[in-house]
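Asker: Below are the C-alpha cells for one structure; questions will follow.
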Amino acid sequence: LKQTQAIGRVVLYVSLVCLSLITLFPLAWMLSGSIKTEATIFNFPIQFIPDVVHWDNYLKAWSMVNFGALFRNSLKISSLVTMGQLFTSTLAAYAFAKIRFRGRDKLFLGYLATMMVPFQVIMIPQFVMFRNLGLANTHLALILPGMFSVFGVFLLKQFFTGIPDELLEAARIDGCGEARTLFTIVVPLSKAAISSLAIFTFKWTWNDFLAPLIYINDKPKMTVPIGLSMFRMENITMYTYIMAGSVISLIPVIVVYIFTQKYLVQGIALTGLKA
Amino acid sequence: MNMKKRAQWRTDLVGYAFVLPNLIGFLVFIAGPFLFSLALGFFQWDAVGPMQWVGLQNYIKLAGDSTFKASFLNTFYFTFTAVPLTLGTGLGLALLLNRPLALKTAFRTVFFLPNIVTVASIVIVWQAIYHPTMGPLNMLLASWGVTDLPTWTMDLNWAMPSIVLMSVWLNAGYYMVIFLAALSNVPQTYYEAARIDGAGGLKRFLHVTLPGISPTIFFVLIMAVINSFKVFDQVMLLTKGGPGRATNVLVYYVYTQSFTKYKFGAASAAANVLFLIILIVTIVQYRNQEKWVTY
C-alpha cells in the first residue's frame, strides 16, 4: 500500500511539472525569442538560450515604441479609474447597504437590471456621446466611464451588508455622522473586499483593449495594449523585436503580480464565492 | 410624528447624497447609453447625418445577413468548446492542487500566470506558435510523424480551435483559483464518512466533491458563458475574424459594422441581439439550477 501511495505521489508531481512547463512554454519561448535573430527564432528543436544573445533587440524595440508614453498613459488611466471607482462605489454601496432612504430598493433593482449589460452593448452610444462632446481621442473618454461600475457597487454592497448594524449604531450614538461611520468603521472592516476591487479594476483597465481601440487614434495617447498591437501590425514579420517589446510591456505586470498575487487570489476566492 | 418625518427626510437626503456621485455616472455612462442602444436598433444612422426611423428593418436584415449568421454560430461554437475546456482544465488543476503539497503556491502561481498577462502582449507568441511552416506546434507534430499539418489560424476549420486553445491557456488559471477556494470549503468529514461507507475515489468525487462545489460550478458557468459571448481581444488580435469569416464572432461583427463601416443603427441592433442572448442564457441557467445545484 505504501508503495502505491509513493508511486501516486510521483505521478502527481510529474504531471504537475509537465502541466507547469506547458503553461510556461509560451512565455519562456517569448523570452528566448526576444534575444534571438529572425533567422534562428524558429529553429527546431528549440534552443532556449541561443549561442549569441541579442540584447540589442530590446534597445531596438525600445527605440521603435515610445514605451515611456505608453506606460505613463496606462498608469494614469488605470490609477484614476481605480481611485474614482473605489470612491463612487464605496459611497453608493454604503448607502444601499446601511442607509434606509426611500426608494432605495427600487433604485438598487435598477442597478441590478443593468449588471448584465456588457460594455460591447453600450459602446456605440458612449462613443457617440464622447465624440459629440469633442472628447473622442482623449483619455477622459476612458477615465470617466471607468469610474462607475455596477459590479463594484454590487460587490461592496454585499460585503457591507454583512457588517452588523450594532457596530454602526454604536458609532452613531457616539455622534458620528454617516461619512465618519463609513470611513472609520465600515471601510477598515472591508479592507479585503475593497482591495480586491482595487486590484481587479486596475488589472482590467490596464489590460483593456476594446475601449482604447475605439477611442484613441494618436500614438502619444495610446495605452500599452493598443500601442503594442500597433507596433505589431506595423512590423508584422519582425518577431524578435515584437517579442522584445512584448517582454518589456509585461515586466511591470509581472512585477505587480508577484507582489499582489496573495490579494489577487484572495480576491478571486472572495468575489467568486460572494456573488 | 413630525420629528419622525423630519428624520426620514434627513435619512433620504444623506442616502441620496451618498449615492449621487455614482448615480450620475451610472445614468450618463451606463443606463442612458443602454436605453439609447435599444432605441438606436430601430434607426438607420451613419453617425454623422440625421437618424432615420426604419422600425424592425435592422433586425430583419440581420436575420438575412450571412456574415451575421456566421458570427452568431461562431460565437456559440466558441462558447460550447471554450467554456467546457476552460472550466474542465481549471477544475482538473484545482483537484490536483487540492492537497498538502510541496511547492503548492509555486504551482498555483504558474497556472495563474497566463491570466494576468495582457492579451495584446502575448498574442505575438501564439501567432508564432501557430505559424504554418515554422511554428513549434507544427514542428512538434511533424517530428511525431504527422503529415497533412493544419495551417491553424489560416485554416477555415482550425482557426476557431486555435482561438479556443489560446483562450483556455489564458483563462483556466482563473477558474482554478475559484475552484480551489470552493474545494477547501467542502467539509473533510463528508469525505471521511464516504470513505467509511467504502466509496472509492471516483465515487467520492461524484457524490461528495461535485455536489459540494456545485454552487461554485453554477456561478462560474454563468460567468464563463457570459465572458465567452463577449470574446473579442483574441479574435481581433490573432485572426481578425478570418480566414474568411471563420472566427467572426458577435462582438467582432458589432465592432466592424460600427467602427469600420459606420452603420451605427445596424450595429446597435446586433449588439442588442448579443445582450438578449446573454440574458436568455443566464435566465435559462438560473431556471435549471435546482436540477443539479445543492446549497
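Asker: Based on this model, can you work out whether B:A224 counts as of a type in the set (G, A, S) and within 14 Å of the chain's Cα centre (by Cα)?
Answerer: Taking the combined requirement at face value, the residue satisfies it.
Asker: Which numbered condition trips up A:D51, out of (1) exposed (fewer than 14 other Cβ atoms within 10 Å of the Cβ); (2) touching a residue at least 12 places away in the same chain (Cβ under 8 Å)?
Answerer: (2)
Asker: List the residue pairs whose Cβ atoms are under 6 Å apart, where the first residue sits in the range B:1-21 and is at the interface with another protein chain (Cβ under 7 Å from one of its Cβ atoms) and without any contact (Cβ under 8 Å) to a residue 40 or more places away in the chain, the second is surrounded by fewer than 17 Cβ atoms within 10 Å (Cβ to Cβ) and of a type in the set (G, A, S), and the two are 6 or more positions apart or on different chains.
Answerer: Between residues of the range B:1-21 that are at the interface with another protein chain (Cβ under 7 Å from one of its Cβ atoms) and without any contact (Cβ under 8 Å) to a residue 40 or more places away in the chain and residues that are surrounded by fewer than 17 Cβ atoms within 10 Å (Cβ to Cβ) and of a type in the set (G, A, S), there is no close pair.
Asker: Among helices (runs of 4 or more DSSP H) lying entirely in the range A:185-250, which contain 2 or more residues that are among the polar types (S, T, N, Q)?
Answerer: Fully inside the range A:185-250 and qualifying: A:191-207.
Asker: Can you tell me which condition A:S34 does not meet? The list is (1) more than 8 Å from chain B (Cβ to nearest Cβ); (2) surrounded by 14 or more Cβ atoms within 10 Å (Cβ to Cβ); (3) at pLDDT below 90, and all the others hold.
Answerer: Going through (1) more than 8 Å from chain B (Cβ to nearest Cβ); (2) surrounded by 14 or more Cβ atoms within 10 Å (Cβ to Cβ); (3) at pLDDT below 90 one by one, A:S34 breaks only (3).
Asker: Hey, could you check the range A:216-260 for residues that are of a type in the set (D, E, K, R) and more than 10 Å from chain B (Cβ to nearest Cβ) and say which is farthest from A:H139 (Cα to Cα)?
Answerer: A:E234
Asker: A:Y263 fails exactly one of the following numbered conditions: (1) at the interface with chain B (Cβ under 8 Å from one of its Cβ atoms); (2) at pLDDT below 90. What is the number of that condition?
Answerer: A:Y263 satisfies all of (1) at the interface with chain B (Cβ under 8 Å from one of its Cβ atoms); (2) at pLDDT below 90 except (1).
Asker: Now a separate question. Sort out for me the helices (runs of 4 or more DSSP H) sitting completely within the range B:53-149 that have 2 or more residues that are over 30 Å from B:F36 (Cα atoms) and either under 20 Å from the mean Cα position of the chain (by Cα) or at pLDDT 95 or above (or both).
Answerer: B:66-97, B:104-116, B:119-129
Asker: Hey, another quick one. For the range B:157-171, enumerate the residues that are surrounded by 14 or more Cβ atoms within 10 Å (Cβ to Cβ) and in a loop (DSSP other than H, G, I, E, B).
Answerer: B:W158
Asker: Specify the residue that is surrounded by the fewest Cβ atoms within 10 Å (Cβ to Cβ); the eligible residues are those in the range B:172-192 that are aliphatic (A, V, I, L, M) and farther than 9 Å from A:A269 by Cβ.
Answerer: Out of the qualifying residues, it is B:V186.
Asker: Considering the range B:102-149 alone, what residues qualify as being buried (at least 21 other Cβ atoms within 10 Å of the Cβ), under 30 Å from A:V256 (Cβ atoms) and of a type in the set (G, A, S)?
Answerer: Scanning the range B:102-149 gives B:A120, B:S121, B:A128.
Asker: Applying the selection to the range A:237-260, what residues are more than 13 Å from A:V65 (Cβ to Cβ) and surrounded by fewer than 21 Cβ atoms within 10 Å (Cβ to Cβ)?
Answerer: A:T237, A:I251, A:P252, A:V253, A:I254, A:V255, A:V256, A:Y257, A:I258, A:F259, A:T260
Asker: Something else now. Quick check on A:F160: is it part of a helix (DSSP H, G or I) and closer than 26 Å to A:M129 by Cα?
Answerer: No: the conditions fail for A:F160.
Asker: Moving on to the next point. Applying the selection to the range B:255-274, what residues are aromatic (F, W, Y) and without any contact (Cβ under 8 Å) to a residue 40 or more places away in the chain?
Answerer: Across the range B:255-274, the qualifying residues are B:Y255, B:F259.
The values are calculated or read from the model by the stated rules, or taken from the named source; none is laboratory data. Because the structure is a prediction, the values reported are computed rather than measured. Because the Cβ atoms are built from the backbone with ideal geometry, glycine has one as well, and the counts that use them run over all protein chains shown.
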